[in-house]
Amino acid sequence: MHPALTVADVLRASGHEVAFAGTAEGAEARLSTEAGHDFHVLPARGWDRSRPWTLVAGIAVMAWSALRAWALLARLRPDCVLGFGGYVSIPVGIAAWMRDVPLVLQEQNAVPGLANRFLSRWARAVAVAYRGSAAHLRHPERATLAGMPVRPAVLAGDGEAWRVRHGIPSRDTLLFVFGGSRGARHLNEATVALFGRLLALPGVSVAHVAGRVEADAVNEAVAAHPHRDASRYHVLDYEEDMGSALAAADLVVCRSGASSVAEVIAVGRAAVLVPYPYATDDHQTLNASEVVEAGGAVLVRDADLDGPEYADAVLGLLADRERRQRMAAAAARLGVPDAAARVAALACQAATGKVHGE
């Protein structure tokens, strides 16, 4: 949702009107209205690939939603429809095609999701964050490498202030671990298992965002650890100011979802990326691959978290400042700070008929 809001802010700052469409249950309803945008509710329902019979109900909901989206576009008369993936993008994209409204897509992952792959046959342009994404689209020639929109607050993070806020000395080497808003149980367990070895390293502090669901379990595991000096191991349930946390870090450990990778490279930090093993089409591994190939990160598979691979990667990088600095510089070279402006410009060009396929 943050990429869409970030692009919307760029468009609004340029004098354009922006309206959102989505489900009533999704986070987009709350976040877009809090940001001051009009929000229009449309039904959408996915389906479980392991249960083919759910496809029938899903298609029926999509058809009804497309009719409602057609009526919505007739009322709003937009110059362009900009889709960011997700099931609700499908009926809105179909309605845009039916009404001959220019459709632009933004793809966040290395392997485009179902919605963007389907809609790419009608899209005037697709803004991709990874070079390899274009090959999965119906019209690869309409893809533009624009990067992943990152919130301005992430780019403007204050690392020193964040360290002061959490009582972390400025001279310490900081390992920052996070797995998403709900946490990542296996990643949490593997990191806590390194507790003693991490704190045996002189001048190393750890900030571990365990997630609201997992924070209590992580705190209990830390408290029960034989190594009792936990003053340098900070367990957080959630972190709102990710930009400052990343700016404070010397090494980051995280999953390789599109937003996480984009924020890490935007700030320019060395990272150990652990792809979520059940991601559709294994797209998190492919998200991480470009950063790894550029020298900005080390990839550790989830299956190797309990083995020496994870420990060696984390402990080795914490002990090697020069390597971390080289990796951070390589990651920063991949970042696209003006990605939101690029996506917004593509939408404006589509609205005036000045993009690929016209």
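The values are calculated or read from the model by the stated rules, or taken from the named source; none is laboratory data. Everything numeric here is computed off the predicted structure, so don't read it as measured data. FYI the Cβ positions are ideal-geometry reconstructions off the backbone, even for glycines, and counts take in every protein chain you see. Surface accessibility is based on the protein's heavy atoms, side chains included, excluding ligands, DNA and RNA. Shrake-Rupley method; radii C 1.70, N 1.55, O 1.52, S 1.80 Å.
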When N counts the residues of region 53-204, how does its alpha-carbon radius of gyration compare numerically with 2.2 N^0.38 Å, as a ratio? 1.49
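Based on DSSP H runs of at least 4 residues, each adding -39500 (n - 2.57), what is the mean residue ellipticity at 222 nm of the chain after dividing by all its residues, to the nearest 500 deg cm²/dmol? Provide the component values of the computation, followed by the final result.
On the way: 16 runs with 159 residues, N = 358.
Only helices count here, giving -13000 deg cm²/dmol.
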Label-point separation in nm, Asp312 to Asp158, each point 7 Å along Cα→Cβ: 4.2 nm
For region 1-133: accessible area per residue (Å², 1.4 Å): 49 Å²
With no solvent and one equal point scatterer per Cα, compute the Debye intensity ratio I(q)/I(0) for region 296-345 at 0.19, 0.20, 0.26, 0.29 Å⁻¹ and report its log10, rounded to two decimals. -0.72, -0.75, -0.94, -1.03
Pairwise label distance in nanometres, Arg131 with His225, each label 7 Å out on the Cα-Cβ vector: 4.0 nm
For the chain, give the percent of accessible area contributed by carbon and sulfur heavy atoms, probe 1.4 Å, rounded to a whole number. 52 percent
Rg over Rh, two decimals, the chain (C-alpha only, Kirkwood Rh): 1.00
Starting from the amide H of Ala143, placed 1.01 Å from N in the peptide plane, find each other amide H under 5 Å away whose residue is 5 or more places distant or on another chain. Val126
In region 184-312, if the dipole is taken from +1 on Lys/Arg beta carbons and -1 on Asp/Glu beta carbons about the Cα centre, which of Val204, Ala288, Ala248 is farthest to the positive end? Val204
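Rolling a 1.4 Å sphere over the protein heavy atoms, what is the accessible area per residue of region 138-183, to the nearest Å²?
49 Å²
What FRET efficiency, computed as 1/(1 + (r/R0)^6) with R0 = 30 Å and r the Cβ-Cβ distance, is obtained for Ala200 and Tyr278, rounded to the nearest 0.05?
0.35
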How much FRET efficiency would the formula 1/(1 + (r/R0)^6) give for Asp338 and Ser170, where r is the Cβ-Cβ distance and R0 is 25 Å, rounded to 0.05? 0.25
Dimensionless Rg/Rh of region 221-347 - Kirkwood Rh, Rg from C-alpha atoms: 1.00
How long are the three semi-axes of the equivalent ellipsoid of region 1-137, in whole Å, if each is the root of 5 times an eigenvalue of the C-alpha gyration tensor, listed from largest down? 22, 19, 15
May I have the convex hull volume per residue, in Å³, for the Cα set of region 90-142? 60 Å³
